[in-house]
Amino acid sequence: MRTVELLCSAELDATVRAAWQRLAETGLPSLARNIHPTNRPHLTLAAVDEFPPGAEERLTDLFDAALPVRARVDRVAVLDGSAPLVWLIRPTPELLALHGAVWDVLAAAPGPHPWHLPGRWVPHLSLALRFRDADRRRARAVIGGDRPTGEFVAARSYDGATRTAGPLGAGR
């Protein structure tokens, strides 16, 4: 699997990590416990089995031209009732346009993961995996009602086969 992800500005990254830490300190599931070196706050735009020829270069050009993009964080939610605890991201016109452009580049990619496709995508920053909906109220109290803002300032791709991430765009 290959992903296309946006990375947070330093301030937004710190805010998400602080929420991870508060969840962990209260005994709730949290991504603070994931010690893999690629674990960091990010917004996944796409996931496919593999990139088609030339996609990495086209994505690099796309991100060099489009970033940064404003991030508007919304409410805390549990996706699908018993899955990730997330901070929803408001789908601004700029973010939706970038998402669509990424999928234009990946149109020929084998194995598109359907939950990231245009029309089905729920933009979010993950806070915890395998979270019970019954704990959502407690998580909201721990995280607080803030609606932080920031920017997505860089892009990367995670390679599931090698469990590594590499930059897409200016950070290459």
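The values are calculated or read from the model by the stated rules, or taken from the named source; none is laboratory data. Worth saying up front: this structure is predicted, and the values here are computed from it rather than measured. Glycine also receives a Cβ, built like all others from the backbone with ideal geometry; neighbour counts cover every protein chain displayed. Side chains are part of the model used for accessible areas, which takes the heavy atoms of the whole protein and leaves out ligands, DNA and RNA. Shrake-Rupley method; radii C 1.70, N 1.55, O 1.52, S 1.80 Å.
One residue stands out in the stretch 93-105 among those that are over 18 Å from E151 (Cα atoms) and without any contact (Cβ under 8 Å) to a residue 40 or more places away in the chain: the one that is surrounded by the fewest Cβ atoms within 10 Å (Cβ to Cβ), namely D104.
You will find that of R163, R90, R138, the residue that is open to solvent by 70 Å² or more (accessible area, probe 1.4 Å), under 15 Å from C8 (Cα atoms), of a type outside the set (G, A, S) and in contact (Cβ under 8 Å) with a residue 12 or more places away in the chain is R90 and no other.
In the stretch 106-117, the residue that is modelled with the lowest pLDDT out of those that are part of a loop (DSSP other than H, G, I, E, B) and open to solvent by 20 Å² or more (accessible area, probe 1.4 Å) is H113. Filtering A47, A66, A77 for residues that are touching a Leu at 6+ places or on another chain (Cβ under 7 Å) and at pLDDT 95 or above leaves a single hit, A66.
Within the stretch 145-157, the residues that satisfy the criterion of being at pLDDT below 95 and either open to solvent by less than 30 Å² (accessible area, probe 1.4 Å) or within 14 Å of the chain's Cα centre (by Cα) (or both) are P148, G150. Would you mind telling me which numbered condition in (1) modelled with pLDDT of 95 or more; (2) of a type outside the set (D, E); (3) open to solvent by less than 40 Å² (accessible area, probe 1.4 Å) R58 fails? Every listed condition holds for R58 apart from (3). Listed by position, the helices (runs of 4 or more DSSP H) contained in the stretch 1-105 that have at least 1 residues being of a type in the set (S, T, N, Q) are 10-25, 55-66.
Among the residues of the stretch 8-17, those identified as open to solvent by 10 Å² or more (accessible area, probe 1.4 Å) and among the hydrophobic types (A, V, I, L, M, F, W, C) are A10, A14.
For the stretch 118-135, a tally of residues being out of contact with any strand residue (DSSP E or B) (no Cβ under 6 Å at 6 or more places or on another chain), open to solvent by less than 70 Å² (accessible area, probe 1.4 Å) and more than 25 Å from G160 (Cα to Cα) returns 1. Determine, yes or no, whether W20 is among the aromatic types (F, W, Y), over 13 Å from the mean Cα position of the chain (by Cα) and open to solvent by less than 60 Å² (accessible area, probe 1.4 Å). So W20 fits the description; yes.
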